[in-house]
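Presented below is the structure to which this report refers.
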Amino acid sequence: MGNIVFYFSGTGNSLKVAKTIANELENTEIISMAKPGNYSLKKQYDTIGFIYPTYFWGLPKKVIEFVSNLDFGNNKNAYYYAIATYGGECGKCDKSNI
Ligand SMILES: Cc1cc2nc3c(=O)[nH]c(=O)nc-3n(C[C@H](O)[C@H](O)[C@H](O)COP(=O)(O)O)c2cc1C
């Protein structure tokens, strides 16, 4: 079925992580979370990842908005994961309730 990685990146660190993971997993789409509009997961995926920087000990607002509006379609059984890059203190960036 394949994999999909959603990323948000200001200076390139999270994009580099996304590209590295996509390269390892193979058969992986890389999609920016910075694009306007809602994204619909039309296809079914084996794994669905979210990669973003820590902003102020949490998630960037853009990422929260993107994930909150994401149409998960028929991907209830996919393996979901999230990776937060950070500068020194990640705080609650891995504990969001979205
Ligand atoms: C607005 C802003 C807020 C940040 N807040 C934090 C923070 O609270 N904790 C931390 O460890 N790093 C923080 N950082 C550093 C970034 O999380 C880190 O440099 C990250 O790897 C950047 O990823 P990117 O290159 O994909 O944008 C912040 C950076 C920016 C620009």
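No value in this document is a laboratory result; all are computed from the given coordinates. Not measured: the values here are computed from a predicted model. Note that each Cβ is placed from the backbone with ideal geometry, even for glycine, and that neighbours are counted across all protein chains shown.
Listed by chain and number, the aspartates and glutamates whose C-alpha is less than 18 Å from the C-alpha of K62, apart from same-chain residues fewer than 8 away, are D71, D94. Nearest 10 degrees is fine. How inclined is helix 13-25 to the longest principal axis of the chain, computing both from alpha carbons? Computed tilt is about 30 degrees.
For the stretch 42-98, applying the loop criterion from DSSP together with a ceiling of 13 other beta carbons within 10 Å to the trypsin sites (Lys or Arg not before Pro) yields K42, K43, K76, K92, K95. Here are some pairs, K61/K92; K16/K42; K19/K92; which of them have Cα atoms lying more than 20 Å apart in this structure? Result: K16/K42; K19/K92 exceed 20 Å.
Computed on the chain, with alpha-carbon pairs under 8 angstrom and 6+ residues apart, the relative contact order is 31 percent. For GluC sites (Glu not before Pro), the sites in the chain that DSSP calls loop and that have at most 11 other Cβ atoms within 10 Å are E26, E89. Antiparallel beta bridges, as assigned by DSSP with both residues in the chain, represent about 5 percent of the total such bridges.
Classify the stretch 1-73 from the C-alpha gyration tensor, please: rounded if a/c falls under 1.5, else prolate or oblate depending on whether a/b exceeds b/c. The shape class here is oblate. Dipole check for the stretch 3-85: with +1 at the C-beta of Lys and Arg, -1 at the C-beta of Asp and Glu, and the Cα centre as origin, the magnitude is about 200 Debye.
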